[in-house]
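There's a structure below that I have some questions on.
FYI, it's all coordinate maths here, none of it is from the lab. Given the structure is predicted, the values throughout are model-derived calculations rather than measurements. Cβ: placed from backbone, ideal geometry, glycine included. Neighbour counts: every protein chain shown.
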Amino acid sequence: MQSITTYLFRVAVLGAVAALSACASTPETPADTTQKVHAAETTLANFAKDPEMTWFRNNLKNARAIVISPRITRAGFVVGGSGGESLVLARDGSGGWSGPAFYNMYAGSIGLQAGADVSEVIVLVMSQKALEALLSSSFKMGADGSISAGPVGVGAASNIKTDMVSFSRSKGVYAVLNLDGASLSPDTGANGAFYGRPVSPVDILVTHSVSKPPAASSLQQSLVQLSK
């Protein structure tokens with residue numbers, strides 16, 4: 001007989017998945033996706049100027065790709081979950097950055113949680129293995145690529161060996177957002193709306209067989225400057 005905690009966890013997961021599905025059913029427009037790109041650029045700027053994010057700034061130049069999530073919402077009491085939209089950009093081999101590719105993120109969790117908060121999250125993808133796994137239809141952090149929370153603070157230093165390193169900024173009740181076990185899946189509707197036709201993360205991040213929308217240029221250039 002399954003425990004009450006396990007049952008509640010499954011209910012939370014199903015509820016969150018249903019909520020994400022409901023959002024996904026709303027047709028995306030080019031204006032919607034452009035707004036998401038601008039939000040990602042704001043998040044990147046927030047991390048770049050945060051004095052606590054020294055390690056992030058010093059190691060962005062070593063990343064193969066970056067996952068930017070302007071708004072990851074977490075809520076729960078005993079059982080909780082996190083979810084939101086993410087943008088992925090990858091190095092293009094010529095010193096620039098390709099993308100973004102749009103994704104949805106979801107993470108379920110069990111713990112002594114109370115309240116709700118909204119976090120800005122950035123994940124640095126440090127290995128080719130993790131980048132290639134991100135191109136699949138579903139990617140799970142921790143399983144398809146190891147992940148650890150990045151060092152925070154002035155002078156923070158650490159010899160991190162994981163495939164991915166995550167950073168979060170939040171004004172809510174949670175100090176750290178644990179992304180181990182979080183799932184990322186391509187947002188087909190958003191990608192199609194932004195690029196004007198059905199495209200995959202491979203089209204966007206690897207073969208570069210898509211046009212380069214002007215709305216992405218500022219975000220791409222910001223990454224070029226920060227990753228020098």
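With 21 Å as the limit, write out which pairs from Lys36/Lys140; Lys49/Lys212; Lys129/Lys161 have Cα-Cα distances beyond it, or answer none.
Long pairs (Cα-Cα over 21 Å): Lys36/Lys140; Lys49/Lys212.
Which aspartates and glutamates have a Cα lying under 20 Å from the Cα of Lys228, excluding residues fewer than 8 positions away in the same chain?
By straight Cα distance, Lys228 reaches Glu41, Asp50, Glu52, Asp92.
Given 0.36 nm per residue, what is the gain on full extension from Asn159 to Lys212 after removing their alpha carbon distance, in nm?
Full extension of this stretch gives 15.5 nm more.
Now a separate question. Using Cβ counts within 10 Å as a stand-in for footprinting exposure, how do Thr29, Thr34 rank, fewest first?
Going from sparsest to densest Cβ surroundings: Thr29, Thr34.
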